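Student: Here you go, one structure.
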């Protein structure tokens, strides 16, 4: 991928809307292109700025009353207009307006949900960790080595367990970026299968691990545990992956 091919895709890359192939091509292009890397950084900064709470303000009470009054007035039944009055309005409709409304509807219907975007990000991160030789930042089978490594690197303390006795040895961890924030990634192994566990703080109540979806041959399992949002992904079969997550969640 060169700059000319990359530029139109930068916004979609920052929003996590690229497919896996394009995402990997972009990941390969950015380290060698300062201009595109700078553009991505600016888009990410803009994205974070637009999410600031200071930009959002509650509507004034008077506006709320006016809107409710207008809705109430529109809810009252009115006589149906004569056919000729509707017919006279047809030429007034702009072709451009019709096209814009159709385009807006198409974008709204085809835009992936937040859940779909998150699972696509998880799959992409898992694939990158396998292809780009970046599965581990800290290499250790000792949970007492891996857990302290995250101190100062993330603003939370991820639960770290060694499940070697259950057949799922811990092999290390790393930092990753998902859901618009830095997350902890713990890496386990089952025979020749790599299991990535992504963790970050969440507000949902505890829930048991359950198979969320299967994407591109990878099984994704989601659960909530001790104030943490937890996702596990691997090409390991669903039965063994569920066994792993249940052992992790104990």
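Computed from the coordinates by the stated procedures, all read-outs in this text should not be read as laboratory data. Remember, it's a predicted structure, so these values are computed and weren't measured experimentally. So basically every Cβ, Gly included, is an ideal-geometry build from the backbone, and we count neighbours across all protein chains shown.
Student: Can you put 245, 119, 141 in order of Cβ neighbours within 10 angstrom, beginning with the fewest?
Tutor: Details: 245 24, 119 20, 141 14.
Ordered by Cβ neighbours within 10 Å, fewest first: 141, 119, 245.
Student: Still on this structure, I have one more. Sort 186, 175, 46 by Cβ crowding within 10 Å, fewest neighbours at the top.
Tutor: Values: 186 25, 175 15, 46 12.
With the sparsest Cβ surroundings first, the list reads 46, 175, 186.
Student: Using a Debye calculation, one point per C-alpha and no hydration shell, please list log10 I(q)/I(0) for the range 114-249 at q = 0.10, 0.13 Å⁻¹ in order.
Tutor: -0.27, -0.47
Student: Over all distinct Cα pairs, what is the inverse of the mean 1/r for the range 3-50, reported as the Kirkwood hydrodynamic radius in Å?
Tutor: Details: mean 1/r = 0.0928 Å⁻¹.
It works out to 10.8 Å.
Student: On to the next question. Cut-off is 10 Å between beta-carbons; in what order do 115, 222, 126 appear when sorted fewest neighbours first?
Tutor: Working: 115 11, 222 21, 126 27.
Going from least to most buried by this count: 115, 222, 126.
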